[in-house]
Amino acid sequence: MEDGSGVAGAESYASVARFIGYRSVSGLSIPTETREENLEWALIGGTAYLNFRYAWLWPGRRWSREQGLAWPRAGACDKEGVALVGLPLGVVHAAMEAALVDLNQPGILWDSLNGNGTVRAESEGGVRKEYERGIPGLRSFPAIHAQVAGFLVAESGIRVERG
């Protein structure tokens, strides 16, 4: 697990214990039959989703070549110019939110990256689906995005700062 020091081989931004604590404080639910190893896999999957989905939007650059994950990052700042040192709490919370999404709707995170954008209309007989406009395949998960929105670079890839 990443602790903010650039752990080689790290696969998750949060431990199962932290996830259980976060879930109970936030009032969010997980399926009752979920076992601890499933929680661990959900955290690993949620972390992988974050690193894939936001890879080109994270500020700064990886702190070292040896670290297992995208965080910590050198030269990373939030939108107010405050340095993001170690592992930002927003990244940890986003990984746990992603794990919750995956536990409650298995596969939906990765499906959202494979061209299955947000469905706006659906019909069965004529097999008609209508998708929201925007970047195809990038379905939005507001609870995840809200945790990291304060320090992502602009979606265009151009960082915008106040002078």
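Just so you know, all these numbers are worked out from the coordinates, no wet-lab data involved. These numbers were taken from a predicted model, which means no experiment stands behind them. A quick note on method: Cβ atoms are made from the backbone with ideal geometry, for glycine too, and the neighbour counts reach across all protein chains shown.
At-a-glance table
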quantity	calculated
Built amide H within the under 5 Å cut-off of C77, gap 5+	G60, L84
For V92, V82, V25, order by how many other beta-carbon atoms lie within 10 Å, fewest first	V25, V82, V92
